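Engineer: I have a structure I would like to understand better, so I am pasting it below and will then ask my questions one at a time.
Read-outs throughout are calculated quantities, based only on the coordinates presented, and are distinct from any laboratory measurement. A quick note: this is a predicted structure, and the numbers were derived from the prediction, not measured. Neighbour counts run over all protein chains shown; Cβ positions are idealised from the backbone, glycine included.
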């Protein structure tokens, strides 16, 4: 079993320390509700603070709000800080705020810890399905790195996501790619550089980015841009555009969205044989795979699927693909960023 004592020790210490949650954005509310209020897996923090803005509320979820200056006056030996914002945003403020003596943990580390603790058998099964020792090492080290707070590990990094690497080589002349989400087209550019003859059906739900892509590739008949959400069935879906962040965190909204976009299944929407399905769809990957079951059975396309959007994806996507294909694929894992918590990709070939 993966080593988890980094976080179990931290939880034990919380009963005797002042616990401060640092960061009061969207991630805080989800984390506070799931782990402190709904399940009591973690004690409520003593305080909440933010270093990027003034919080108007006196309390959040019943927890008092204090200024960041008050946190900096606390004693490191008596305090635990849990970062409840972006992976690297707050880390950049640690040295200049002279907080480097404080014990600090990121909320993502607790999310990984509790999921693994409650789904140990699924994790072990998923690990056993990976075809080679390198994949198993990457898979384990990404999870361990998050729990240790080691969000930067250049030793795991490998270039060339999805293709042009040692698992999936250059794209062939008869390649038919189904790719989502296309975002700003950087991977489509790579596909055409790998082989200008490749045919690409690229899916981008964002009205802004899909319009941009249609204009960018308007002269290329091999590239079709679909302003749709790949899904497991035909369904109108709420979509969060995430315009404030340039669309980097755009995703299907379970609690509503900025727009409504049609969801479509690969099995019914895409005509003809498919050679490769590549998915980076912010946590919708399992829905898309279930909507491509007939295509996968018929064409056996290469599958390159992002794992990192949720722990449920990380553990269950290898199991899902193995079950759908009746074990017909060899599964590999590669890490395509020096940041351990993003760009982890499963290859099924």
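Engineer: As I understand it, the value is the acute angle between the Cα axis of helix 311-324 and the longest principal axis of the Cα atoms of the chain; what does it come to in degrees, rounded to 10?
Structural biologist: Around 30 degrees separate the two axes.
Engineer: Taking the Cα centroid of segment 179-206 and of segment 38-61, what is the distance between the two, rounded to the nearest whole Å?
Structural biologist: Going from one Cα centre to the other spans 41 Å.
Engineer: To the nearest 0.05, how large is the calculated FRET efficiency for residue 148 and residue 300 if R₀ is 51 Å and r is the Cβ-Cβ distance? Intermediate results must be reported in sequence, preceding the final value.
Structural biologist: Working: r = 38 Å, r/R0 = 0.75.
The computed FRET efficiency comes out at 0.85.
Engineer: Can you tell me what the convex hull of the Cα atoms of segment 143-214 projects to on average, as an area in nm²?
Structural biologist: 6.6
Engineer: Per-residue ellipticity at 222 nm for the chain, helices alone: DSSP H runs ≥ 4 residues times -39500 (n - 2.57), over residue total, nearest 500 deg cm²/dmol?
Structural biologist: It lands at -8500 deg cm²/dmol.
Engineer: How many nm is it between the label spots at residue 349 and residue 88, if each spot is 7 Å from the Cα in line with the beta carbon?
Structural biologist: Modelled inter-label distance: 2.8 nm.
Engineer: Taking 2.2 N^0.38 Å as the expected size of a compact globular protein, what ratio does the Cα radius of gyration of segment 150-348 give against it, to two decimals?
Structural biologist: That works out to 0.97 for segment 150-348.
Engineer: Related question: Hey, fewest Cβ within 10 Å first, where do 94, 19 land in order?
Structural biologist: Least crowded to most crowded, the residues run 94, 19.
Engineer: Just how many % of Cα pairs in the chain lie over 34 Å apart, if you round to the nearest whole percent?
Structural biologist: Tail of P(r) above 34 Å: 31 percent of Cα pairs.
Engineer: Another one. Sort out for me the Cα centre separation of segment 213-236 from segment 82-127, rounded to whole Å.
Structural biologist: 36
Engineer: Here's something else I'd like to know. Express in nm, to one decimal, how much length is gained between residue 173 and residue 44 on full extension, taking 0.36 nm for each residue of separation and deducting their alpha carbon distance.
Structural biologist: 40.7 nm
Engineer: Within 10 Å of each residue's Cβ, count the other Cβ atoms and sort 290, 75 from fewest upward.
Structural biologist: So the residues, fewest neighbours to most, are 75, 290.
Engineer: Could I ask something else about it? Just the Cα atoms of segment 101-182, one point each, no solvent: what log10 I(q)/I(0) does Debye give at q = 0.14, 0.22, 0.24 Å⁻¹?
Structural biologist: -0.71, -1.15, -1.20
Engineer: Given N residues in segment 68-135, what is Rg(Cα) / (2.2 N^0.38 Å)?
Structural biologist: Output field value: 1.58.
Engineer: Two decimals is fine: what is log10 I(q)/I(0) at q = 0.09, 0.13 Å⁻¹ for segment 5-118, from a Debye sum with one equal scatterer on every Cα and no solvent?
Structural biologist: Result of the Debye calculation: -0.21, -0.44.
Engineer: When N is the residue count of segment 47-206, what does its C-alpha Rg come to as a fraction of 2.2 N^0.38 Å?
Structural biologist: So the Cα radius of gyration is 1.44 times the expected 2.2 N^0.38 Å.
Engineer: Taking the number of other C-beta atoms within 10 Å as the exposure measure, put 88, 346, 28 in order starting with the fewest.
Structural biologist: Going from least to most buried by this count: 88, 28, 346.
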